[in-house]
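What follows is a single structure, written as structure tokens, with notes after it.
The values are calculated or read from the model by the stated rules, or taken from the named source; none is laboratory data. What you see is a predicted model; the values in this text were computed from it and never measured. All Cβ positions, even for glycine, are placed from backbone atoms using ideal geometry, and neighbour counts span all protein chains on display. When the accessible area is computed, the model is the full protein with side chains, heavy atoms only, and any ligands, DNA or RNA have been set aside. Shrake-Rupley method; radii C 1.70, N 1.55, O 1.52, S 1.80 Å.
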Amino acid sequence: MATKPKSKPLPDVAKLTKAQAKVEWKRLALALEGHDRRYYQEDAPTVTDAEYDALRRRFNAIEARFPEFVTADSPSQKVGAAPSGRFKKVRHAVPMLSLDNAFAEQDVRDFVGRIERFLKLSDDKIAFSAEPKIDGLSMSLRYEGGELTTAATRGDGTEGEDVTANIRTLEDVPHRLKGRNVPEVCEVRGEVYMTKKAFLALNKKQVEAGEAPFANPRNSAAGSLRQKDPGITASRPLGFFAYAWGEMSAMPEDTQSGMIHWFERCGFRTNPLTKLCHAVEELLAFHRLIEEQRAELDYDIDGVVYKVDRLDWQERLGFVSRTPRWAIAHKFPAEQAMTVLRDIVIQVGRTGSLTPVGKLDPVGVGGVIVQNVTLHNEDYIKGIGGDGEPLREGRDIRIGDTVIIQRAGDVIPQVVDVVIDKRPNHAKEFHFPKKCPCPLHTDVVREETAAGEEGARARCTGEFACPFQKIEHLKLFASRRAFDIDGLGEKQIEFFFEQGWVKEPADIFTLAARNDKIKLGEHEGYGETSVRNLFNAIEERRRISLERFIYALGIRQVGETTALALARGYGSWAAFHDACLKVAKADEEAMAEMDALDQIGDTVIQSIAAYFGESHNRGIVERLTREVIILDAEKPKSNSAVAGKTVVFTGSLEKMTRDEAKATAERLGAKAAGSVSKKTDYVVAGPGAGSKLAEAQKHGVTVLTEDEWLKLIGE
Ligand code: IVH
């Protein structure tokens, strides 16, 4: 590869002609993007940090000499969640660990009971520092000789990223520790966070600038830190609360509360709600008090933390695997919030279903700012449930109403009630549209249920002619779980569709060949590099696994799990396609064969029959298969320890993404489910696991840490 160190030294940047510099700039831009991707996303760098730094220095030197080369998508300009400038990795002198979670009061009593037994003391003798659990990013600040030398993110707990330059812009982080006689080495740890107010203001700006808004203050704090321009971090108001420490060459205090006061004397902010408690009842009262204040606080918290105050006792108590025995996070249950419903809009989905979406005055719930809420269907808005039963005691939802919304864990927000007392006179009843908002304005029909009755779901009758449905299908096609084409997100699909360049999936693969006419590089938002990257990303995806291909077809009822079951059942595209064509012709043998597959039932078969019964669809599929290579399905390893087991992943995983974890589980013959039930065999819980972990405990399901899971599957 061009970025390997060469035997011949590269010419001095100062001596390059402009034309040579441009060629070199392009080569470096591409190389840096590739290295960033391998380093950050694939965790598989192919160069050393020193080699990478040398490339970046040369790249920066070229841009400094020829500022006219700098484009919006140059690797020097990227900001936001996807980091561009690469940060050095920092090994933590003392690992940054996480906390065990408590949900019910009994969990807290058990925690205190364990400590009493361990220390052979009664709880009135044990003081606890009770602190809000800030929902931000943990940070380790290293001071040597009182000077800030390194700021590192948590990373995997052992190794984080060096974000010193960005952290230096935070007002709450002193560059020099105040006070005399500070220990030679002090690692102060705590949480970087963004206030809710700053988050809303930032998102407003993002949207105005045509950028994607952040999902919650935590993400926006992370995005603000993990980008390479400290000027940007400085423009985003981030706060820092100190609450813990790593390596200390000497301990200035012998209690947690003493350390917190010491942090203050050093010039840090600590959380003002922190309180010393002396018995379990006091801890529980603290939890209730903080929960009451939660909505009014200008920063997100997701629970409270209790820590044994005496440090000598902390030391005696020690750790159980990666969590301390002397501390616990007492999480808050699902949060509710009250806000006003400003409007109801209709969204047309990929399969033409019309979903009413409520537009809310933005409100923070469970750590996320919620602005949209699904209102499911016409009946739901009227206060009628799926079986005709009254919802919210029959109260309907009107535009202008004050509503109570709830969000629990990863679950999408729901309207739990309408506050009738607050209904204004001008509140407007919502009339579900009779015509689809798509440009065809086709009739809207309510779907039939399996029993042949009128269902609640409304559908546009435009089918293949409906541009909304076409766009939604293209979005699904390019999405992460389907073809996963980098740089072909929802915005780009909409743009390409509007331009008439991509009307169906096969068109994506002929884009590059048609670019002489299209000239994508001349359109706003595209530079040469991004066009090349997009075409490369498309090329890379010409080879596709059978299950992804089936999923990407967008057949109703065929989600990822079903696609996987079909891929495994038929093994190859030829076999599957042949079966589908026969099923579409109601071939009984083919139908029986499909029905015999694990997890495939009548609804799926009917849906496949309808899809392949349509000549328009057969055409789309045929043109697409000429462009791609569909790989045969991997046979599941049936001898794996988890074959046939059901596993649920929850919380944040550190060694793999949630999708990767699910994919591995499925490859090994396990079923990765979304919710916990009695049938679940394992729950793999990472930090931040919430209601699913509680469910697992309720059902007595085996709970594993990520490492235990990896050991079980032998990875
Ligand atoms: S103490 C050994 N105190 O929660 C554990 N953590 O689940 C040291 N957090 O990664 C952490 N507020 O990011 C501690 N007052 C607090 C906290 C807190 C938020 C976060 C922190 C940590 C996670 C643990």
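Computed values, structure above
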quantity	calculated
Apportionment of accessible area to carbon and sulfur, segment 377-529, percent (1.4 Å)	48 percent
Within segment 85-121, backbone nitrogen closer than 12 Å to the virtual label 7 Å beyond the Cα of R168 toward Cβ	none
Residues with amide H under 5 Å from that of G455, placed H, sequence gap 5 or more	E447, E448, T449
When the chain is reduced to its Cα atoms, the Kirkwood hydrodynamic radius in Å	29.0 Å
Protein accessible area in segment 111-243, 1.4 Å probe - carbon and sulfur %	50 percent
MRE, 222 nm, helices only [DSSP H, n ≥ 4, -39500 (n - 2.57), over the chain, to nearest 500]	-10500 deg cm²/dmol
Computed lengthening from E105 to L631, 0.36 nm per intervening residue step minus Cα-Cα distance	184.2 nm
Centroid-to-centroid separation of segment 475-509 and segment 288-321 [C-alpha atoms, Å]	46 Å
Estimated D of segment 577-715 in µm² per second, where Rh is the Kirkwood radius over Cα pairs and Stokes-Einstein applies at 25 °C, 0.890 mPa s	140 µm²/s
In nm, spacing of pseudo-spin labels at A285 and R65 (7 Å Cα→C-beta vector)	7.1 nm
Extension gain (nm, one decimal) between A641 and A575, 0.36 nm per residue minus Cα-Cα	20.8 nm
Rounded FRET efficiency, nearest 0.05, which uses the C-beta distance separating V23 from D298 and R0 of 45 Å	0.35
Karplus (6.51, -1.76, 1.60) ³J(HN,Hα), θ = phi - 60°, over segment 370-378, in Hz, Gly and Pro reported as x	9, 10, 10, 9, 6, 10, 6, 6, 4
In segment 547-610, the trypsin sites (Lys or Arg not before Pro) that fall in loop regions by DSSP, at most 16 other Cβ within 10 Å	R556, K585
Nearest-20 debye value, the chain charge dipole, Cβ charges on Lys, Arg, Asp, Glu	1900 debye
Candidate residues H287, H261, H376: accessible-area rank, largest first, probe 1.4 Å	H261, H376, H287
Carbon plus sulfur fraction of accessible area for segment 549-658, probe 1.4 Å, in percent	46 percent
Long-range HN-HN contacts of F430 with modeled amide H, under 5 Å	I399
Among N515, V558, S530 the positive-end extreme of the charge dipole of segment 503-568 (Cβ point charges)	V558
Whole-Hz couplings from phi, Karplus 6.51/-1.76/1.60, listed for segment 556-569; x for Gly and Pro	3, 6, 9, x, 4, 5, 5, 4, 5, 4, 5, 4, 5, x
Sparse-neighbourhood loop sites, GluC sites (Glu not before Pro) in segment 107-185 - DSSP loop, at most 15 other Cβ within 10 angstrom	E171, E184
Long-range amide H partners of R269 with built H, under 5 Å	A242
Sequence-distant lysines (8 or more away, or on other chains) whose Cα lies within less than 21 Å of K26	K4, K6, K8, K15, K18, K78, K228, K519
Estimated inter-spin distance, N536 and D343, nm [label 7 Å along Cα→Cβ]	4.1 nm
Segment 352-438: trypsin sites (Lys or Arg not before Pro) falling in loop per DSSP and having at most 13 other Cβ within 10 Å	K434
Cross-link pairs beyond the 20 Å C-alpha cut-off, checked among K382/K475; K133/K307; K197/K428; K196/K491	K382/K475; K197/K428; K196/K491
K428 versus K205: modelled label distance in nm, points set 7 Å from Cα along the beta carbon direction	3.3 nm
Gain on full stretching of the segment that runs from E51 to E463 - 0.36 nm per residue minus C-alpha separation	142.9 nm
Per residue, in Å², the accessible surface of segment 322-391 once ligands and nucleic acids are set aside, probe 1.4 Å	39 Å²
Positive-end residue of L99, A152, S140, charge dipole of segment 94-165 with Cβ unit charges	L99
